[in-house]
Structure formats: structure tokens, C-alpha cells
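The values are calculated or read from the model by the stated rules, or taken from the named source; none is laboratory data. Computed from a predicted model, the values in this text were never measured in an experiment. So basically every Cβ, Gly included, is an ideal-geometry build from the backbone, and we count neighbours across all protein chains shown.
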Amino acid sequence: MQQLTIHSAMFVTPPGQPDIGYTPDHETYLARVRRRQETEALEKTLPEGFPPKLESELVWDGNDLAEHYDWDYKLTEEDLAEIEGALEHFKNLNQPLGYVNQETFPLPSLHETLRGISKEIHTGHGFKVIRGVPVTKHTREENIIIYAGIASHIAPIRGRQDHQHDGKPADVVLAHIKDLTANVDASSIGAPAYTAEKQVFHTDVGDIIALFALGEAAEGGQSYLSSSWKVYNELAALRPDLIRTLAEPWPYDEFGKADKPYTSRPLLYHQPATETDPERLIIQYARRHFTGYWGLPRSAGIPPITEAQAEALDALHFTAEKYAVALDFRQGDIQFVNNLSIFHARAGFRDSAEKQRHLVRLWLRDPERAWKTPDALQSRWDRLYEGVTPEKSVFPLEPRIRSPSKGETMTGGPAQASATY
């Protein structure tokens with residue numbers, strides 16, 4: 001069995017688990033490709049009904065994307081004045097942050113622009129960056145009000161990212177993405193969001209990911225986006241067997257959830273065109289749920305992934321890397337990304353005393369333009385969006401590790417971390 005050394009802690013991967021870790025290794029990947037091609041009779045056809053090629057603005061190559069798409073929207077002086085007015089309007093209501101919405105944070109002129117951004121996210125290139133929020137002018141709470149207010153005009157439904165706050169049940173709808181390794185033990189970290197390490201290509205859950213930069217790193221920390229539809233087209237043309245693998249059920253680690261240690265579902269979903277919706281393709285996965293990460297190693301007692309699945313994970317990452325676009329995250333940027341058509345990743349970074357990378361995240365849904373959720377993902381989406389109300393919503397102002405991303409508690413006991421969020 002392969003052993004992983006993680007900050008001096010030894011973890012043994014389950015019997016039969018392939019030689020694969022969270023960080024992809026290109027030589028190991030190429031060796032696996034050669035071995036499988038030499039020893040296995042790989043399928044030459046796509047699953048029934050799957051398209052040989054997707055045609056859409058959602059299919060793009062990051063190497064030349066800037067030549068024909070401007071993904072930035074720079075806030076104008078008029079926009080900023082309207083945002084300041086909306087902030088004061090909301091503050092005067094004396095309501096909790098859960099009540100930030102299009103009515104309580106009114107943007108009469110900017111609203112149509114933001115609705116256009118929602119359309120671009122759902123049917124255009126899949127992402128947009130709003131630049132120029134004056135972070136240093138405001139308190140932490142005011143910045144989060146502005147962030148939630150702008151976001152509400154793009155996608156008004158916020159998803160829960162944690163089910164408890166300060167040890168009590170709550171709908172936590174805002175998460176902080178920041179390196180916390182200097183403040184907490186490595187065994188309590190089960191996701192790269194709380195480290196300065198490189199983050200590999202993956203998706204979150206939910207329809208839209210919004211990230212707001214409260215602070216920049218001293219060095220590194222670039223955001224990478226890649227069209228999952230472009231990745232699909234290449235794999236469909238060159239390795240249809242991997243498309244079949246991605247469309248079959250995978251053992252998805254729930255990391256110690258007592259009643260359900262793992263779930264079984266595909267990573268890839270094809271939705272044929274209907275009278276109301278165009279053809280769509282969704283890849284939904286996070287690599288750490290098949291390899292483990294730091295304080296959350298791959299669980300013992302659940303099925304290991306197969307060699308074909310290990311190759312497919314690496315193929316997704318390295319193909320996405322080949323076609324990715326790099327975006328610098330500047331203080332005051334808000335990045336909106338279609339989580340159903342785009343993979344995202346992050347470069348490693350270095351903070352300093354003066355400059356520290358600090359993002360806050362919302363998971364959003366726009367009911368007017370939302371894509372149909374695949375049946376196999378519906379329960380996960382329900383846990384994200386159902387029952388979240390203004391009075392129950394919590395917006396933590398300071399960074400903390402979400403309970404679903406914890407390995408061990410600070411007292412050393414095992415956490416019931418799940419893959420729900």
C-alpha cells in the first residue's frame with residue numbers, strides 16, 4: 001500500500017488504491033497512459049447519445065481567449081456612487097446581512113449590467129470579473145454587504161457552505177479562503193482553501209461561484225479557469241474511453257460520515273437539447289474526494305478508485321491546464337464563474353506581513369437562468385439551497401475552517417466531515 005507523508009503524519013491509503021495523490025504528477029500520468037494502452041482493450045466509442053463535439057461560446061481556449069473576449073467589467077464612477085448609496089440604504093434598514101437582496105441593496109442603473117453578466121455566465125463564456133470595489137474605504141462588514149448586494153443582482157439565491165457556526169446550527173452562506181496554516185494544526189485542514197499551496201483543477205458545488213478579493217498575496221495566487229466543454233471535446237476526440245469512465249459511477253469519499261461513508265455517482269452528465277434548453281454538459285468533481293488531502297486522507301473501508309479513474313482524474317487536470325486562462329486576483333475584484341461549465345484552480349502563493357491573499361466566497365443560483373440540475377446531483381443541490389432563509393443566514397466576518405473541510409478537531413478528535421458542501 002502507498003503511504004503519504006503529510007506534515008509528519010503518516011496515512012495509509014486503502015488497499016488497491018492506485019498510485020495517485022492530490023497533486024498530479026505528469027510522469028506518473030504518462031506512465032499510466034502507456035500501461036493502460038498497452039495492456040487493456042480501451043473503448044473506441046462514446047457513451048450512447050454523447051456528442052462527438054460541443055459547439056458553444058462556452059467552448060474556449062484560454063491561450064487566445066483575450067483576443068476575442070474581454071472578461072473585465074470596470075466599475076464606473078456612476079456605478080460606485082450607486083453602490084455607495086445602496087450601502088447606506090441597507091445600513092439604514094438596520095437588518096442582518098441575510099436580508100441583503102435586490103430590494104434592500106437597490107442598484108437601479110447598474111442592475112441591467114449585472115443581469116447581462118448573469119446571461120454571459122450562463123450562456124456566454126461562463127465567467128466575468130467585476131473590478132474596482134474600493135475595499136480599503138470600507139469596514140469588513142461593509143465590504144461584505146457590498147459584495148452580497150452586487151451578487152444578488154446577478155444571482156439572488158445564496159447557498160449554505162456550512163451547517164454550523166460557533167458550534168450551533170446555522171446556515172453559513174459566506175466562506176473565507178485564506179492561508180490559515182500558521183494558526184491551526186495541519187491535521188485540522190482537509191481542503192487547500194486554507195493553505196498557500198497550489199490548488200488543482202476542480203469544481204465546487206452549486207451553479208455559480210463568486211469570489212471577492214479583500215486582499216492580494218505578496219507573490220503568486222493567480223486564478224486559473226478552464227472550459228470543461230473544451231476539455232470534453234479533446235477527450236471525446238482522443239480518448240472516448242475516458243468519457244465512458246467519467247460517465248460511470250465513482251466512489252465519492254464522504255470523509256467519515258457515519259451513515260454514508262461514501263456515495264456513488266458519475267462525474268460527467270450529458271443533457272440533450274429540449275424544446276426549452278440547449279444541449280448541455282456538466283462535469284462536477286473535486287479531486288481531493290478521491291485522493292484525500294492533508295488531514296482528510298482517503299478513507300479506509302471504502303472502494304478504491306480504479307486505474308481508469310485515476311487516469312481520468314489526471315486527464316481532466318492536465319487537459320484543463322493546457323487550455324486555461326490565468327487571471328490575477330487584485331484587491332477589489334469579484335470573479336463570477338459558471339461552476340457547471342468551468343474548472344478552476346489556483347497557483348501557490350506567498351503572503352507577507354503587509355500583503356495577504358484573502359478571498360470570500362458565495363455559492364449562488366439565478367432561478368431565471370439556472371441550468372437543470374442532474375438527478376444524481378439533486379440531493380447535493382438541495383442541501384446547498386433548500387431552506388436557506390434571511391433570518392438563518394450567517395456571514396462570518398473572520399476566517400475559519402468550515403466543518404465539512406476539517407480533518408480533526410482542535411482537540412484531536414475525529415470530525416464528522418462530509419462532502420456535502
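Output yes when any residue across the stretch 268-277 is over 18 Å from Thr373 (Cβ atoms) and in contact with a Ser or Thr (Cβ under 8 Å, 6 or more places away or on another chain), and no when none is. No, the stretch 268-277 contains no residue that is over 18 Å from Thr373 (Cβ atoms) and in contact with a Ser or Thr (Cβ under 8 Å, 6 or more places away or on another chain).
Scan the stretch 256-264 and give yes if some residue there is among the aliphatic types (A, V, I, L, M) and at pLDDT 95 or above, otherwise no. No, there is no match, as no residue in the stretch 256-264 is among the aliphatic types (A, V, I, L, M) and at pLDDT 95 or above. Selection of the stretch 326-364 for residues being in a loop (DSSP other than H, G, I, E, B), among the hydrophobic types (A, V, I, L, M, F, W, C) and under 18 Å from the mean Cα position of the chain (by Cα) yields Phe329, Leu340, Ala347. Evaluating Ser226 against the criteria (1) over 15 Å from the mean Cα position of the chain (by Cα); (2) buried (at least 17 other Cβ atoms within 10 Å of the Cβ); (3) not in a loop (DSSP other than H, G, I, E, B); (4) not hydrophobic (A, V, I, L, M, F, W, C) leaves one unmet condition, (1). Restricting attention to the stretch 219-277, the residues being among the basic types (Lys, Arg) and without any contact (Cβ under 8 Å) to a residue 60 or more places away in the chain number 1. The set of residues from the stretch 145-161 being buried (at least 22 other Cβ atoms within 10 Å of the Cβ) and not in a helix (DSSP H, G or I) comprises Ala155, Arg158, Gly159, Arg160, Gln161. Scan the stretch 174-196 and give yes if some residue there is out of contact with any His (no Cβ under 9 Å at 6 or more places or on another chain), among the β-branched types (Val, Ile, Thr) and modelled with pLDDT of 95 or more, otherwise no. There is no residue in the stretch 174-196 that is out of contact with any His (no Cβ under 9 Å at 6 or more places or on another chain), among the β-branched types (Val, Ile, Thr) and modelled with pLDDT of 95 or more. Could you please find all residues in the stretch 177-215 being in a strand (DSSP E or B) and under 30 Å from Ala376 (Cβ atoms)? Once the filter is applied, which keeps residues that are in a strand (DSSP E or B) and under 30 Å from Ala376 (Cβ atoms), the stretch 177-215 yields Ile177, Gln199, Val200, Phe201, His202, Ile208, Ile209, Ala210, Leu211. Looking only at residues of the stretch 264-285 that are within 19 Å of Ala310 (Cβ to Cβ) and buried (at least 20 other Cβ atoms within 10 Å of the Cβ), we find that the one that is farthest from the chain's Cα centre (by Cα) is Pro266.
Results for (1) in contact with a Pro (Cβ under 8 Å, 6 or more places away or on another chain); (2) under 26 Å from Trp381 (Cα atoms); (3) surrounded by 22 or more Cβ atoms within 10 Å (Cβ to Cβ); (4) free of Cβ contacts under 8 Å to residues at least 60 places away in the same chain, shown as yes or no for each residue.
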position: Ile302; (1), (2), (3), (4): yes, yes, no, no
position: Glu307; (1), (2), (3), (4): yes, no, no, no
position: Ala320; (1), (2), (3), (4): no, yes, yes, no
position: Gln335; (1), (2), (3), (4): no, yes, yes, no
position: Leu340; (1), (2), (3), (4): no, yes, yes, no
position: His344; (1), (2), (3), (4): no, yes, yes, no
position: Ala347; (1), (2), (3), (4): no, no, no, no
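Taking (1) in contact with a strand residue (DSSP E or B) (Cβ under 8 Å, 6 or more places away or on another chain); (2) surrounded by fewer than 21 Cβ atoms within 10 Å (Cβ to Cβ); (3) at pLDDT 95 or above in turn, Glu142 satisfies each apart from (1). Residues in the stretch 353-372 that are out of contact with any Lys or Arg (no Cβ under 9 Å at 6 or more places or on another chain) and of a type in the set (Lys, Arg): Lys355, Arg361. Here Lys260 meets the list (1) within 26 Å of Ala193 (Cβ to Cβ); (2) surrounded by fewer than 22 Cβ atoms within 10 Å (Cβ to Cβ); (3) within 22 Å of the chain's Cα centre (by Cα); (4) of a type in the set (D, E, K, R) almost entirely, failing just condition (3). Cβ separations smaller than 6 Å between residues 6+ apart or across chains give the following pairs from the stretch 80-96 residues that are small (Gly, Ala, Ser) to residues that are in a helix (DSSP H, G or I): Ala86/Gly149. Is it fair to say Leu238 is surrounded by fewer than 18 Cβ atoms within 10 Å (Cβ to Cβ), closer than 18 Å to Asp314 by Cβ, out of contact with any strand residue (DSSP E or B) (no Cβ under 7 Å at 6 or more places or on another chain) and modelled with pLDDT of 95 or more? Against the criterion (surrounded by fewer than 18 Cβ atoms within 10 Å (Cβ to Cβ), closer than 18 Å to Asp314 by Cβ, out of contact with any strand residue (DSSP E or B) (no Cβ under 7 Å at 6 or more places or on another chain) and modelled with pLDDT of 95 or more), Leu238 qualifies.
Conditions (1) surrounded by 18 or more Cβ atoms within 10 Å (Cβ to Cβ); (2) within 17 Å of Arg369 (Cβ to Cβ); (3) charged (D, E, K, R); (4) in contact with a Lys or Arg (Cβ under 9 Å, 6 or more places away or on another chain), marked per residue:
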residue: Ile83; (1), (2), (3), (4): yes, no, no, no
residue: Glu88; (1), (2), (3), (4): no, no, yes, no
residue: Gly98; (1), (2), (3), (4): yes, no, no, yes
residue: Phe105; (1), (2), (3), (4): yes, no, no, no
residue: Pro108; (1), (2), (3), (4): no, no, no, no
residue: Thr113; (1), (2), (3), (4): no, yes, no, no
residue: Thr123; (1), (2), (3), (4): no, yes, no, yes
residue: Gly126; (1), (2), (3), (4): yes, yes, no, no
residue: Gly132; (1), (2), (3), (4): yes, no, no, yes
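Which of the following residues is without any contact (Cβ under 8 Å) to a residue 60 or more places away in the chain and within 17 Å of Arg288 (Cβ to Cβ): Thr139, Thr181?
Checking each option against the conditions leaves just Thr181.
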